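Down below is the structure, laid out as structure tokens.
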Amino acid sequence: MNHPTLIRIIERLEGFLGKLPDAIQKPVLHELTPLKELFLQQRAPRFVVTGSNRLPLQEIVAELFAWAPPAESRGVLMELFRWHGMDLEGRGMISVLDGRGADARTIPDIQEELKEEPADIFLHLAEDVVTARMPERELENLASFIASNTAARTRAKVVGIVLHDATQAKRGAHNGERRSPAETKMRSRLQTALREQAGVGEYLLSVLEISPGAIGTGNEPAKESAPQFMSMLARELPNEARVEMARVSGDRAVQGEIAQMLVKSTTAICAAIGAQPIPLADLPILTALQLVMVSGIMYISGRERSLRAATEFIGALGVNVGAGMLLREGTRALLKFFPGWGNVVCGMVAGAGTYAIGRSAIVYFLEGVSLKDARRTYLASRKKRTRPEPRSIEQIEATP
């Protein structure tokens, strides 16, 4: 499913919402907002690297994001102090700006870049050396960049990182060596420096030590790994950058959180639309929303987004988008000719069917169950969702 197709579906939905009563439009638009942020405004997460680590940018990205740069790209020169898009082996895209070493002449260039494309997270690196000092100029530069990042919809946060050398980490793990007390103080030194720096401390999210291969080796204290780091980012980024980061991280828990948000919002919208006394007119909208929901879950899991594949999956559940679904939804539409309770029942049926499809897509694409088990999840979720007493849209919104 390409971006223009998604735009047309959203525009069609927004046009349909104009036919709904004013009292129902606001809660439905409230649920539509995260869907638009996650998928219509979706973009690569943007990171600014500052600090004193002397590794080339590609090597830093490789260590932080568990990425193996293509051999042919290792010798490619990258323009300084500019945004660079990086495709991480098909897992997803990130944008990185290397601000290390900026001076009075080049700082305005970075500030201009941040005005055009504001950063989501600032990654401040510290040298993995016992005698390393915290360069005051780099801390001041970081504060300057944060102050220039005013175009961001949400305030960017700062993550301090002590990035340990991969070769030393492997050698230490092999020999059973422990890091010296001076080396273990690097993290606290960096945390203190960031907290005390004016214009930085209030945005500090976390300070980490990332040591390749250190987890599970017996070295004390244990260091964070790249997957843990990426999972933290996926939870902290704004909605429009979360989907791409979830794909990059490969963290099923984070992907599940975003998928649940998608199912919750789509279910609430479908229940609200389905409860309106407009027989059959809402069927194309409900169908399109359910297909967008399934294709979105597919994309979150790392697959390509495809309405055709989503249609095939729903069909495999036994919910035919063609004749079978028309018969089921036609029965639902007939109830609308009975005002009051008929509309409530119609909304519950639409919401229950959408929720059941979403739950089955999550267990199939994210949890890896068989198609047979996904069908069982669909039937169980639909039955469970239709069992409670009729609820208001406010109650539907509160459902996790």
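Descriptive notes on the structure:
Yes or no, residue by residue, for (1) assigned to a loop (DSSP other than H, G, I, E, B); (2) modelled with pLDDT of 85 or more; (3) on the phi < 0 side of the Ramachandran plot:
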{"position": "V254", "(1), (2), (3)": "no, yes, yes"}
{"position": "I258", "(1), (2), (3)": "no, yes, yes"}
{"position": "M261", "(1), (2), (3)": "no, yes, yes"}
{"position": "L291", "(1), (2), (3)": "no, yes, yes"}
{"position": "V294", "(1), (2), (3)": "no, yes, yes"}
{"position": "F313", "(1), (2), (3)": "no, yes, yes"}
{"position": "G318", "(1), (2), (3)": "yes, no, no"}
{"position": "G324", "(1), (2), (3)": "no, no, yes"}
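- Boolean, L233 is under 30 Å from the mean Cα position of the chain (by Cα), buried (at least 20 other Cβ atoms within 10 Å of the Cβ) and either assigned to a helix (DSSP H, G or I) or modelled with pLDDT under 75 (or both): yes
- The stretch 25-62: number of residues that are over 30 Å from A268 (Cα atoms), outside any loop (DSSP other than H, G, I, E, B) and free of Cβ contacts under 8 Å to residues at least 60 places away in the same chain: 5
- Here the condition is being touching a helix residue (DSSP H, G or I) at 6+ places or on another chain (Cβ under 8 Å) and among the basic types (K, R); of R54, R8, R82, R105, it holds for R82 alone.
The values are calculated or read from the model by the stated rules, or taken from the named source; none is laboratory data. Values in this document were obtained by computation on a predicted structure and should not be read as measured data. All Cβ positions, glycine included, derive from the backbone under ideal geometry; neighbour counts span all protein chains shown.
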